Structures are given as structure tokens and as C-alpha cells.
Amino acid sequence: MSCVVVVKKGGLKSLAQGHPWVYAQSVARVEGRARPGEVVRLVDAEDRFLAWAWFNPQSYIRARLLERREEVEPDLAWLERRLAEAVERRRGLAESGHGAYRLVNAEADGLPGLIVDRYGPGLTLQALSAGAESVKHQVAGWLETGLAPEWIWERSDQEVRRLEGLEPATGPLLGRPPERLRVDEPGCAYWVEPAAGQKTGFFLDQRENRRLVAGMAAGRDMLDCFCYSGGFALRGLLAGAARATLVDSSAQALALAQENLALNGVRERAQLVRANVFNQLRAYRDEGRRFGLIVLDPPKLAPNRASLAKAARAYKDVNMMALRLLPLGGLLATFSCSAAMDRQSFWEVLTWAAEDAGARLQVLHQLSQPADHPALLGFAESQYLKGLVLRRL
Ligand code: SAH
């Protein structure tokens, strides 16, 4: 007999709208016992079946929905079907020559907390929920048989694991990745460090946005702030940007960016600057520098709701400082990957920045995350990446 979790009335609406979590405050009672990561039955107060879910008594997110059909109990065959579906949905990306993309995007692919990325012949895996943790070896087993990768490397080193009562975990699930690996995309190639790099080695979610921004770069003097391994500048230079300045505070990131520029034959048109972007923008302002295209892709400044007010100020400041370096007709591509900051707040922050910079701006594009990083309708947290391309009037 599986454990039953009774959901309070107040928790039902968001579930009906597609939200896949039950918070602690929405749990009326738990009948039976379940360990972290075990499958439980979710029911309402009248004992009507709601869904099968992964339970975690140690997390504020008590249950993560797996399956809304009662007759389809989430067993190993179910897990393998979900994985196969997620892989099948990315077939187009694989066939169009993309060497790296997200294969499994957690809740949005029906596998809460499980993330799998492809990097050429290998895969990285993140288990960010107790449920994902409990099946990670089964997942690795299926990936090994189904996709025949050369290696699978675990990168469960995100802080959110602690909220699930899990310690960070990194290491081999199959073989070992090379320290550095070349990934090819249509029109460019880059180096990735799957074991040591930030996130799982590359910011895959910016793939399409880089291409769109590059399409506007021709002839412009580009400033790529928070450049990491140089994705935006690289695409921009390949698309005809006159020059690019890449700024990041991490020496490791800049070393990788430098090699990426060289690999694509655009190193001579680029300058790399190791600095805190906030200070560097101020220095450029003092020097009277101008850039015709500025990219701002900061790290997640608001990791949670509590830090939102402080983060909003940082987003506002950095955007204001960038706008002050933008000539009339100049373009700003600006992003926020903080799930806690919704689209409307992001617009408000930019409006505030524009006011303080005395800039009038046209909105040319509203950007989001690509289809291999799908969000779920009714689950605002999954729509984390927001961007705007603005032109100064
Ligand atoms: N634009 C990148 C991804 C950016 S990730 C791409 O397309 O791949 C965020 C980057 O910001 C990281 O490389 C991190 O090292 C850098 N970073 C974080 N805080 C910073 C700061 N205050 N100044 C400069 N760089 C910073």
C-alpha cells in the first residue's frame, strides 16, 4: 500500500492549473510513511485521486507531481517512457547539427528535478529533487542503453539540493568526460568544460537569443557583459560586429572565451577584460566610451523571493549604467534568469533604469528560453529566462 498525502482545498487550484508542486502548507495530512523521493498518492479531502507524486518530508516542496492518471503508476517502465519522450522531442535539434542541448528539462518534461544535457558524445545529469536522486542510477542506465553516450557525468552541485536535504554530488555515472570538449553548432564551435565549467559547462538556454542578437551586430562595437565563455560576442563577431569587448570577473571563464574566439578565427577583433561589470561600466562612463551593442547577461541575482528587492536594485543599476554607454540608435540586449523576477517586474526595473539614465527606448524583441528548455503553463517558476532587445531613440 503506498503512502497517501491529502492535499488541502487551498492547494487544489494551482494543481488544476498545471502547477506541479504541493507545498508543506497545502498538505492536510500524510497517511502512512514515505522516505524522501518515494512515490505517494495525492488525494483531496474527499479521497479523490489527484496524482502520483514524489514525496519529500524534508523539503518545503512536499510533493512533486509525476502522473495525473491513476491507472498509470510511475514505475521503471513509466520512467523510461518519460525519458524516451523527452529525447524524442529534441530530435529536430540533434538532426540540425546542434552538438549541445538540453535533453530533459525537469518538471516541464514530467520528470521533476531531473536535468540532462547533451554535450557532443557525452551527457551531464543533475538530480535536484529527492525523487530525481532516488532514480538517478536507473536514469543513467537507460541513457547508457538508449543513447550510447561515451560518458555520463553528474553535476548535482546546485545549492537547491540543500533545500531537498541532499548534499552536493558530482562524479562519473559512466566513463569520464575529457577536461575540455569541442561542441559544434551550425555556424560556430566552442569549447566546453563539462566537469569544471559553470552550470553544466555552457549556457545552453541562450542559444537562440545569441543568434538573434548577432543578427543585429553587423558593423557595431559590441560590449558583452557577464560573457562567461563568450557566447554572445562570438556569435556577434561571426555575424560582422566591428569589435567586441568581453567582460567577466572569472579568469577561468575568460580563458575559455579567449580559446573560443581563436577557434572561430575572430580573436583579433576582441578584447577581454577581467573585471566586475558594475565597476567596469562606471569606468567606461568616466572614459566617455560608447558601444553600439551592449549585452547584459548577469548571473541569477535573485535566487529567491526574499532577495528580490535587493536584486531589483542591482538589475536596475547595471542596466542604467549600460544605457549611459549607449549612443542614440544603440542596442541593449538585457536578460534576467531569476525565476523570482517575473516578466512584469523585469519591465518595471528597466523602465526605472531608463528613467534614471534619461533614455527613451524602443522594445524590439521580447526573448525567452528555447524549446529544449520548455516552461509549463501554470508554473510561473519554470519560465525563468527573460530578455529584451531595446533601441535607444
Ligand atoms: N552570457 C554568458 C553567460 C553568463 S553567466 C553566455 O552566453 O554564455 C554569468 C557570468 O557572469 C559568469 O561567467 C560569471 O563569472 C559572471 N559574473 C558574475 N558576477 C559578475 C560580476 N559582478 N562582474 C563580472 N562578471 C560576473
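The values are calculated or read from the model by the stated rules, or taken from the named source; none is laboratory data. From a predicted model like this one, the values you see are computed outputs, not experimental measurements. Methodologically, a virtual Cβ is constructed for each residue, glycine included, from the backbone with ideal geometry; neighbour enumeration extends over all protein chains shown. For the accessible areas, the whole protein counts, side chains as well, though only heavy atoms, and no ligand, DNA or RNA atoms are used. Shrake-Rupley method; radii C 1.70, N 1.55, O 1.52, S 1.80 Å.
For segment 283-306, filtered to residues that are more than 23 Å from Gly329 (Cβ to Cβ) and within 14 Å of the ligand (Cβ to nearest atom), the residue that is surrounded by the most Cβ atoms within 10 Å (Cβ to Cβ) is Ala302. Being part of a strand (DSSP E or B), among the hydrophobic types (A, V, I, L, M, F, W, C) and under 23 Å from Gly387 (Cα atoms), is that true of even one residue in segment 178-201? Yes, there is a match, as at least one residue in segment 178-201 is part of a strand (DSSP E or B), among the hydrophobic types (A, V, I, L, M, F, W, C) and under 23 Å from Gly387 (Cα atoms). Take the residues of segment 168-212 that are surrounded by fewer than 19 Cβ atoms within 10 Å (Cβ to Cβ) and either polar (S, T, N, Q) or within 11 Å of the ligand (Cβ to nearest atom) (or both): which is farthest from Trp142 (Cα to Cα)? Looking at the filtered set, the residue picked out is Gln198. Checking each residue of segment 259-276 against the condition of being at pLDDT 95 or above and within 30 Å of Ala380 (Cα to Cα) gives no match. List the residue pairs whose Cβ atoms are under 7 Å apart, where the first residue sits in segment 136-161 and is closer than 11 Å to Gln126 by Cα, the second is in a loop (DSSP other than H, G, I, E, B) and of a type in the set (Ser, Thr, Tyr), and the two are 6 or more positions apart or on different chains. These pairs meet every condition: Arg155/Thr200.
In segment 72-100, the residue that is farthest from the chain's Cα centre (by Cα) out of those that are closer than 22 Å to Glu193 by Cα and open to solvent by 10 Å² or more (accessible area, probe 1.4 Å) is Gly97.
Scanning segment 136-153 for residues that are assigned to a helix (DSSP H, G or I) and open to solvent by 20 Å² or more (accessible area, probe 1.4 Å) yields a total of 8.
Step by step: first the residues of segment 229-245, then only those that are within 15 Å of Gly292 (Cα to Cα) and within 13 Å of the ligand (Cβ to nearest atom), then the one that is surrounded by the fewest Cβ atoms within 10 Å (Cβ to Cβ). Which residue is that? Per the stated criteria, the residue is Thr245. Of all residues in segment 213-228, those satisfying the criterion of being more than 18 Å from the chain's Cα centre (by Cα) and surrounded by fewer than 24 Cβ atoms within 10 Å (Cβ to Cβ) are Gly215, Met216, Ala218, Gly219, Arg220, Asp221. Has segment 116-123 got any residue that is part of a loop (DSSP other than H, G, I, E, B) and buried (at least 23 other Cβ atoms within 10 Å of the Cβ)? No, segment 116-123 contains no residue that is part of a loop (DSSP other than H, G, I, E, B) and buried (at least 23 other Cβ atoms within 10 Å of the Cβ).
Within this structure, Ala196 passes the test of being small (Gly, Ala, Ser) and under 25 Å from Asn276 (Cβ atoms).
Filtering segment 64-86 to residues that are over 15 Å from Gln138 (Cβ atoms) and touching a Gly at 6+ places or on another chain (Cβ under 9 Å) leaves Arg64, Leu65, Glu67, Glu85. Checked against the criterion of being away from the ligand (no atom under 14 Å from the Cβ), surrounded by fewer than 19 Cβ atoms within 10 Å (Cβ to Cβ) and either among the hydroxyl-bearing types (Ser, Thr, Tyr) or within 23 Å of Gly201 (Cβ to Cβ) (or both), the candidates Ala255, Ala262, Ala309 yield just one match: Ala262. Is one or more of the residues making up segment 353-366 β-branched (Val, Ile, Thr) and in a strand (DSSP E or B)? Scanning segment 353-366 turns up at least one residue that is β-branched (Val, Ile, Thr) and in a strand (DSSP E or B).
Taking the residues in segment 324-338 that are within 15 Å of the ligand (Cβ to nearest atom) and of a type outside the set (Ser, Thr, Tyr) as candidates, determine which candidate is surrounded by the most Cβ atoms within 10 Å (Cβ to Cβ). Here the residue is Ala333. The one condition from (1) open to solvent by 10 Å² or more (accessible area, probe 1.4 Å); (2) more than 30 Å from Val183 (Cβ to Cβ); (3) out of contact with any helix residue (DSSP H, G or I) (no Cβ under 8 Å at 6 or more places or on another chain); (4) more than 9 Å from the ligand (Cβ to nearest atom) that Asn279 does not meet is (4).
Take Arg274 and tell me if it is assigned by TED's automatic domain parsing to the domain that holds Phe346, more than 20 Å from Gln366 (Cα to Cα), more than 25 Å from the chain's Cα centre (by Cα) and open to solvent by 50 Å² or more (accessible area, probe 1.4 Å). Spelling it out, it is not the case that Arg274 is assigned by TED's automatic domain parsing to the domain that holds Phe346, more than 20 Å from Gln366 (Cα to Cα), more than 25 Å from the chain's Cα centre (by Cα) and open to solvent by 50 Å² or more (accessible area, probe 1.4 Å).
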